Each structure stands twice: as C-alpha cells, then as structure tokens.
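The values are calculated or read from the model by the stated rules, or taken from the named source; none is laboratory data. Everything numeric here is computed off the predicted structure, so don't read it as measured data. Because the Cβ atoms are built from the backbone with ideal geometry, glycine has one as well, and the counts that use them run over all protein chains shown. The area values use the complete protein model at the heavy-atom level, side chains included, leaving out ligands, DNA and RNA. Shrake-Rupley method; radii C 1.70, N 1.55, O 1.52, S 1.80 Å.
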Amino acid sequence: MARLSSDLRFALRQIMRSPGFAVIALITLALAIGANTAIFTLLNQALLRALPVKDPNQLVVLSFAGSHEGHKSSEGGDSPDHDHYFSYPMYRDLRDNNTVLSGLIAVAPASAGVSWNNHAEQVPVELVSGNYFQTLGVQPAVGRLLLPSDETFENANPVAVLSFDYWKSHLAQAPVAGKTLLVNGHPFTVAGVAPPGFHSVVWNQHPDLYVPITMQPVIMPEWSYLSDHRATWLTMVGRLRPSETPQHASASINPLWLSLRTREFALLHDQSAKARESFISRSHLNLDAGARGFSPHRDDVRMPLFIMMGMVTLVMAMAVVNVAGLLLVRAATRVREFSMRFALGANNWQVLRQLLAEGLLLGISSAVAGLLIARPALRALIAWMAGRNPNSAFSAALDWRVLLFTVAAALTASLLFSLAPALQFWNPRLAESLKQQGGTGSGGALKFRRTCVALQISLSLVLMVGAGLFMRTIQNLRNVNPGFVTDHLLTFGLAPEFAGYPPNQIVPVEQRVLEALAALPGVRSAGATNDADLAGEEIRGDVKVAGYNPKADEDFEVELPWVSDGYLQTLGIPLVAGRYFSASDSATATKVIIVNQAFARHYFGSSQNALGRHVTRPNRSETDSMIVGVVGDAKHASVRDPASATVYRPFVQAEKPVALNFYVRTWQSPDAAAAGIRAAINNIDSKLIVDDLTTLSIQIDDTIASDRTIALLASIFGGLATLLAGIGLYGILAYSTAQRTREIGIRMALGSQRRAVVNLILRETLYLVGITVAVTVPISIEMTRALRSQLFNVSSADVYVYAVAIITIVLVAGLAGLIPARRAASIDPARALRTE
C-alpha cells in the first residue's frame, strides 16, 4: 500500500505538470463514461433490476403453452404475451390447490375515474388479489394494505390502497386511512398507502390505486370476468416455497394444470380430438424466473436499449483511443525521462506500474466526473422519453450495479490507454534516447498514433451512419401517409362509466357529447371510436364471412372497432363504394358494417363485390351484419404497421356500451379549440373526465418516442465521435508535422511554395481518411444490418446517409489538417535547419 500510495502521488505530480493534457483527457473520458453510465442505468432498470420486494429470487411468473381457442381477453388476447394471461376461476383453482407455492397472486391493469374533494380525474388502477402485498412481503407506509379477507365476493369489499406517489402528489401526505373517495362514482374506503419505491409486480406499470380483484365489475363495468373461464385477463406471479426449485415446482404443479384444462375444455364449442390434443395434451404450465417481475413491454425496449448501449460503447472505445493517442504524444516528450529511469536500474514492471498509476488517476477522476454528468443527463433523457406521460418506467437513481459498472468501465479504460505508452517504453534503446535533445519518438510510435486516428475515424463513421439511418427513419415515420388527414385533428378519451353512469345511460351521454362537439364554433366535424388511432392499441377478433371458402388454417382475425356515424368522415378516410354510417343506423335498425379495401380484396376480390354481403362473429350471439360501404385502407396501431383488414361497426349497435375516444376536426388551430371542448363537456356534466386531450400529431410522436430517442442519442453520439476524431486527427498531424520540421525546411529552401507544403499535408491527411473510409464502409454496412428491425423505409446501406457521413468526415479531417498545414507552411527554412 505504501508503494501504491507513492506511485499515485508521483503520478499526480506528473499529470499536474501537463494541465492541458489532463483537462482534455478528463473531459474526453468523463463524457464517454457519463454517457455509458446513463444508458446502462436505463438498461439496468429495464432488464436487470429485481423488484423491490422480499426475496425476489423466489418469485416465478406463470405462463402456459397450448391452444387459446375459445378464450377472450381484454389485455392478453391480442398481445404477443397472451400465454401469460389467465382467467380468474383458473387463478383461484391454482392458488387453492397447488402444493409448491407459498403464495400465488393475480394482477390486472385498468383505469378508473377517481373523485376526491370535488376533483375528478382518470387514473391508472391495478386490480390485485387479496394476498398481493402479503405474498410480495411489502409493508405499508400508512394504514394497512389489502388482505385476503378483502377478496371475498363480487363487489363486496370496496376498499383501496393508494400508491405513495399519488398520496404525495395529490393529497400532500395528509391522513387518509379510513377516508372515502369515489371510484367510478362508487364510494371506496382508503385502507392505507403503499411504500415508496414500490409500483407493481408488472414492470412499467405505475398504478395510483390498488383495489381488490373482486371489485372488477365496478372498475371495468363493461365486462363481467370473475366467473368466466374463457376470459383471460390476469397475470399470475407465485412465490416458491423455500425448499422448492422452479424445475421441481413446474413438474409438481402440471398434473393439477392439466386437470383444470380438461375441465375448461368441456366449456368449448369444439370438442374434436384435434382440439383436445391442442388444448390439453400439448399444454404445459411454465414457472419462469420472476425476480424482475413480468412485463409485456420489456421486449419493446430491449432492442433500443441494446442499440444505445452499443453506440455508447463505440464512443467509449473512441475516447480510449483518443486518450491513448494523447498519451503517446505526451510520452514522446518523456523519452529521456524514462530512459534515465532505465539507466538508473528501473525495470519494465516498475515503469509499467508508474504508467498504470497515472492512467488509474485519470480513469477514477473521469469516473467521478462521469457520474456527475450522468445524473442530469439521465434526468433530461428520461423526461424526453416520457414525453407527456408523468409516470416514466425509468428513474435517475443510480444503484450499486450502476456504480460497479462505472468503476469497471473506468478501470478497463485506464488499463487500455495506459498500455499504449507502456508498449513504447517496453524495449528502450538507452544510448539513442539519452543522446536526444528533445523527444521525437520512433517511427513505430508514429505508425501506432496513425492507427489510433484511423480507428477513431472508422468508429465515428459507423456512429454517424447509425445516426443518419435513424434520422431518416424518423423523417419517414413522420411523413408516412396513414390513410387519413392528421392535421387539425384533436383527440381525447371519455368514459362515462368513470363518472358513475350506469350502462343504459352511457350511449345517450356519448351521443350528447358528439352533438355538442359538432356544434362548437370552429369545428368541422366530430366522431368517436373505442379503438384509438395511432396510439399503439388495437382491438381485434375473428369474423366469419358468408359465402367465403376458407383456406386450410386461415386466420380470420381482423381489426374490429366500434365507431360513431361521423368517425370516418372526421378522420378523412375516403369512401370507395357504398355509403358511410348515418343516424338511421340506430340500435334497433338492421345491423350494418363498413369494411376497408384490404378486407374487400381478400374476401370478395373487389370493393363493389363486397356490398350487400354478410359478416358475423363466430361463437357470438350477434346477428349477421350487412356490408353497406367500403372505405380506404388506414393504418391503425402504429404508422410502422401496414393497414390490416378492418371491419367498422356502429357503436350504438354494440351489445354493451363502450368507452370512446373522440376526434374533433377543426377549422381553427387545434390548441385554440381545446378550451371550448372542455367547456362543452363540462356543461353536459362536470363529473365527465376528459382524458389526454391532444392533437393526433403529438399522439403519433408519442408512439414513435423510442425511435425519436434513438435518433437523438445517435446524433449526439455521432457528433461527439466526430469531434473526438477531429481532435485526434489534429493531434497526430500537429505532432507529425513538428517531427518533419527539418524536411519541410529543406523543401522550402529548395524552392517549394507554401501552397505546395499545405497541399502536401492535406493530401497525406485525406489519404489516411480515404483508406480508413474505404475499409470501414463495407464493415459498417454489415454492422448496420442488425438495425434493420428498427429502421423504416430506409436501407441499412442507404447511399444518401453514407454520402453525408463521408463528406462530414472529410470536412472535419480537412479542418483538422488545415491548421498544422498552415503552421508548416509558415516555417522559416533557415531557422528550421538550425534546430537540427
């Protein structure tokens, strides 16, 4: 330790002797480490961090393999994670009859209208089983949490637990236990407050309220799921008994699972041997590691996070190469110093230890500075990513894993850039070095520095190409034609059931809202649907087309929105054949539908052939619906997705009332119309909650938030990489030019013009850049192929992007070479020759 302390003190004195070098190296490394720390923090929170509960490694997430035939779902049926969703009867049977889990919980996300002190708003809610907090080992901040006794019978226990964040932001941490608040117009007693830092067993969910799962009819009044074996809407998470392993527990619980599936199979319409094999024989219950909880959205962020982590890793590599180059230039001035050390008896290990100590000081100092940079950068990045969403999945908190990563990154970087000068002094030529009056370094060192610059140019080109591809993607996403006009279009959600309206009054109040909106000054038209457009959502289901002969194993799933009679006109989806919906298509009139061209082409060959045909829902009580119109294709869930077959249905003909998203087409600025919309709805009923009133353009931006984030960060990292490459290139040119003072002096003494000297330096600069670019371009094309899933309407080998990136690199190289070239051209030949 004494030797290490001595080495560090000497290293600090050496670094302080070159403050310019120290500042440049520190800033370079701090920016790179700060960027890596910020991105790793996001990756850690999304993919690595365990839930803040007791013994999270004992948790398992339940999923199953096997047929989903006959199942219907509000959450999982249309999700790629549909095998993670179960019915409430299945949950209770598994909870009460298994022998391997000490607890099994169920959870489902929802929304509800909450009224407190005459203020109503729509908030996220989580329906949870009574043993939810008990099984997770979570303790209350105030009062008590939900108990198994709170989950008894349907609508029997109107109690609620507040999240800590909601209690703090909305109620100023006032005493709330035992108080009453209205949820969807129904009184609920507040039992207590959840602890700070805990949100949900489902990642990226931030409920404000937790209510017993048996209150589902109040929270989700349009559905009745508690007794329906075919309704798959719950996520299940279990806690293994202390002596159990996931493998043994899975083997032990599957006989119970198969017996329950056999009982459910009896409820299906299809009782064939093939259906039985798919539903029972091929079914299996899985117990997957659940320490990080479950999330249907984790895979959505996995690839963007890996891409961003790859980018900052390249920036880190550039910073290491850049500092290594700076150290090599600095080492050239220390040749005599280290030669004297060797002459006085120092060995290679002692010299290496000293260089490593200097590198360690730089690395640790940079790590501290990087952490200071990471926190504000992380806050800004999270705010950018969250957009209008107040509940971000990420926070700026740095845990032990992030700190360990930062230290490891700093130590690795220190080791790598310290080796560059160490290799230069590994086999010293003492006589030659001691004779030198000034360090010039060797030709090998100069080649190594040029290699470092070439690496920086190569890495910066890759990052600039990535940035260009993502910028082109954002441009293409914003310019894509969704099939309707997005300008001057406002949208908002409205759910009368959240204001306490019974089912028989929901449709009338929704029609009153549509009439009031259409009558507003500056409004062209208004419409509504239960399936929000370009919001990342979709409502799908199977249909049966009369007279159509299906192919083997053909998928009949289509988009199935309920819409108002002015919805298609308001969005500007063009009519191709037939007619739009009208006021005459009432609840008691003949059932009618409108389909899009994709549906008409697939099932009937043309739009005209579709008119008058009939469509129905299989295994439903709905009667046949007649096609009265065909409209153009429109994108729905996302601007990325192609338009799919769609069946539009009048919402007044729905079996049950549905919550609607409203659309208002304005003559005036949409922002100017917002106040009038709120006032019109408030005049109808002050308890009606206008949710997320915004323009469709902003809503589209929200759906491409991850793409925008990647493009922004890629641009920042590409710019930083280019700057580092320019600095590195300038350093090597300045040094190599200084090394060639005598040569340039002789050239000018023999009559060479200043312009010729400038051209000589720039030509050599551009030669190095040209060779590097030629080698890097094919490598870059192969590397960017991995980004294809994140790109939209742009090739990974886009000529325009590569041309801009190469031109930028050439311009930066030209600027970096111009200053040393002009300095070389101003050399006095007589003075240059005298220096030798």
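In terms of its Cα atoms, region 631-673 spans 36, 30, 18 Å along the principal axes, sorted from long to short. Entry comment: accessible area of the chain is 44 Å² per residue, from protein heavy atoms only and a probe of 1.4 Å. For the chain, the equivalent ellipsoid built from the Cα gyration tensor has semi-axes of 62, 34, 25 Å, listed from largest to smallest.
Per the Kirkwood formula applied to alpha carbons, region 22-69 shows a radius of gyration over Rh ratio, Rg over Rh, of 1.36. Hey, what D do you get for region 265-334 in µm²/s if you plug the Kirkwood alpha-carbon radius into Stokes-Einstein at 25 °C and 0.890 mPa s? Answer, rounded: 135 µm²/s. Approximating the spin labels as points 7 Å out from Cα along Cα→Cβ, the residue 291-to-residue 401 distance works out to 0.8 nm. When the Cα positions of 590, 664, 417 are compared along the charge dipole of the chain, 417 comes out farthest toward the positive end, with charges on each C-beta of Lys, Arg, Asp and Glu. The three principal axes of the Cα atoms in region 468-608 give end-to-end lengths of 51, 46, 29 Å, sorted in falling order. Using only the C-alpha atoms, the convex hull of region 697-805 corresponds to 136 Å³ per residue. Per atom type, region 91-224 shows carbon and sulfur on 50% of its accessible surface, probed at 1.4 Å. Altogether, the Stokes-Einstein calculation at 25 °C and 0.890 mPa s, with the Kirkwood radius of region 87-240 over Cα pairs as Rh, returns a diffusion coefficient of 158 µm²/s. Taking every alpha-carbon pair within region 129-203, the share separated by more than 21 Å comes to 25 percent. Identify, among 149, 801, 818, the residue whose Cα sits farthest towards the positive end of the charge dipole of the chain, taking +1 on the Cβ of Lys and Arg and -1 on the Cβ of Asp and Glu, with the dipole about the Cα centre. Ranked along the dipole, the leading option is 818.
If you roll a 1.4 Å probe over region 455-595 with all protein chains in place, what percent of the accessible area is carbon or sulfur?
C and S fraction of accessible area: 51 percent.
Charge tally around residue 374: other residues with Cβ under 15 Å, Lys/Arg +1 each, Asp/Glu -1 each, net +2.
Ratio of Rg to Rh for region 743-783: 1.31 [Cα atoms; Kirkwood radius as inverse mean 1/r over pairs].
With the simple spin-label model, which puts each label point 7 Å out from Cα in the Cβ direction, the residue 766 to residue 608 separation comes to 6.4 nm.
For the pair residue 247 and residue 475 in one chain, pulling the backbone fully straight at 0.36 nm per residue adds 77.2 nm over the alpha carbon distance.
Tell me which DSSP H helices of the chain clear both cut-offs, 30 Å or more of axial length from alpha-carbon atoms and a mean Kyte-Doolittle hydropathy of at least 1.6.
Flagged H segments are 19-43, 799-825.
Would you tally the net charge around residue 614, using a Cβ to Cβ cut-off of less than 10 Å, leaving residue 614 out, and scoring K and R as +1, D and E as -1?
Computed value for this residue: +2.
For region 749-821, count all C-alpha to C-alpha pairs, find those more than 20 Å apart, and express that count as a whole percent of the total. Counting every Cα pair in region 749-821, those more than 20 Å apart make up 46 percent.
Projecting the Cα atoms of 473, 734, 108 onto the dipole axis of the chain, where Lys and Arg carry +1 and Asp and Glu carry -1 at the beta carbon, places 734 farthest toward the positive end. So for region 465-533, what percent of the C-alpha to C-alpha distances run longer than 20 Å? Above the 20 Å cut-off, region 465-533 has 52 percent of its Cα pairs. DSSP beta bridges confined to the chain are antiparallel in about 80 percent of cases.
Based on DSSP H segments of at least four residues, each scored -39500 (n - 2.57), the chain has a per-residue ellipticity at 222 nm of -16000 deg cm²/dmol.
Put a dot 7 Å past the Cα of residue 684, heading toward its Cβ, do the same for residue 179, and the two dots end up 3.0 nm apart. Taking a ≥ b ≥ c as the square roots of the Cα gyration tensor eigenvalues, region 183-234 comes out oblate, since a/c reaches at least 1.5 and a/b does not exceed b/c. Remark: accessible surface ordering of 276, 601 (largest first) is 601, 276, probe radius 1.4 Å.
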